[in-house]
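As structure tokens, the structure follows; a few thoughts come after it.
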Amino acid sequence: ARYAYCTKMVLCKKKVTSAHHGAGITLKWNWDGSSFATGGEDGLVKIWSRSCSLRNNLSKYAHPVYSLSWGGHNGNDLVVAHANILSLVSARPNTDIMEWEVLPKESGIILSIDWNMVNNLIVAGSEDCCYR
């Protein structure tokens, strides 16, 4: 996967050519714009600075990461969608990961998620045409 850091006028400042093995599927800026998270076909979640320097290989999953969203009380946590599972991880080192199976495996995969910072609710959309 390749990512390009561009300005509003679409002038590319820096290209990252080794972001993920395979497709880079999702990316999301954090709330203050100081970093962004990416997820890919390789099952990795990575944290990058706004100048595209790798800060952290946050987590690795057995399935591709289709969506992720920042949230939590201070905005430093991520919810990650991989297969039919959501994982709650922190961008801070040495923290536990909480996982839960959102839908039965035969219902497909979770394709999109979002985390509301106001009411702290997470919504997930999946291949079975349902939101949870």
Exercise for review: Determine the order of Asp114, Asp32, Asp96, Asp77 by accessible area, beginning with the largest, at a probe radius of 1.4 Å.
Suggested key: Asp96, Asp32, Asp114, Asp77
Point to revise | Selected from Ser49, Ser90, Ser69 as most flexible by GNM, with the chain as the system and alpha-carbon contacts under 10 Å | key: Ser49
Revision key, fill the gap. Expressed in Å to one decimal, the Kirkwood Rh of the chain from all distinct alpha-carbon pairs is 15.1 Å
Revision key, fill the gap. One finds, for Arg50 and Glu106 with R0 = 30 angstrom and r their Cβ-Cβ distance, a FRET efficiency to the nearest 0.05 of 0.15
Review point. What figure in square angstrom, to the nearest 10, would you give for the accessible area of Lys105 with a 1.4 Å probe?
Key: 150 Å²
Point to revise | Label-to-label distance, nm, for residues given as Leu121 and Asn76 (7 Å Cα→Cβ offset) | key: 2.8 nm
Check your understanding: Between Tyr131 and Trp31, what length comes free when the chain is fully extended (0.36 nm per residue of separation minus the Cα-Cα distance, one decimal in nm)?
Key -> 33.6 nm
Point to revise | segment 62-132, accessible area per residue, ligands and nucleic acids excluded (1.4 Å, Å²) | key: 56 Å²
Check your understanding: If you take the charge dipole of segment 69-132 about its Cα centre, with +1 on Lys and Arg Cβ and -1 on Asp and Glu Cβ, which of Leu88, Ala124, Ser107 is farthest toward its positive end?
Key -> Leu88
Check your understanding: In the chain, how many lysine pairs have Cα atoms under 24 Å apart, counting only pairs 8 or more places apart or on different chains?
Key -> 13
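The values are calculated or read from the model by the stated rules, or taken from the named source; none is laboratory data. No experiment lies behind these values; they were computed from the predicted model shown. Cβ: placed from backbone, ideal geometry, glycine included. Neighbour counts: every protein chain shown. These area figures cover heavy atoms from the full protein model, side chains too; ligands, DNA and RNA do not enter into them. Shrake-Rupley method; radii C 1.70, N 1.55, O 1.52, S 1.80 Å.
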